[in-house]
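Below you'll find the structure, written out as structure tokens, and then a few comments.
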Amino acid sequence: MKTFLPIPILALFLLAASSQCFALEEKTEEQSRAAALGFLADLPELKGVSLQMPEKAFLKLMDQRKLRYERERSDRKGEVSYYVRIPGKERDANVYFGFRDGMCSGIQRLQPGPRK
């Protein structure tokens, strides 16, 4: 009697290979998100912020980390922005967060300000 071992082994190999491909895609997407916000890498206080972040989650993060921020309303309906100042040794870091309809619409690091 013949046994067909090669086909199940091939199927297992293909299944394992495809799952590794999906894991690589997820990791690559995560890495690309981190790379997109690489300009914040030296600010551990802002670890975890993302462009997919809702405004409520952003405010919760700011309160949990006791970060100072200024809220600025826009003339455009549904838009609000926040300026976060993070104290540094020589210069403070200033970061802008824009929100539209409750979702993050942009993050920008501004020129550092002098220590106050």
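Residue count for region 71-104 under the criterion of being part of a strand (DSSP E or B) and either over 20 Å from residue 39 (Cβ atoms) or in contact (Cβ under 8 Å) with a residue 40 or more places away in the chain (or both): the result is 13.
The number of residues in region 105-116 being touching a Lys or Arg at 6+ places or on another chain (Cβ under 8 Å) and part of a strand (DSSP E or B) comes to 3.
Where a number appears in this text, it was derived from the coordinates with a stated rule and is not lab data. Quick caveat, the model's predicted, so the values are computed rather than measured. Counting neighbours? That spans all protein chains shown, and the Cβs are built from the backbone with ideal geometry, glycine included.
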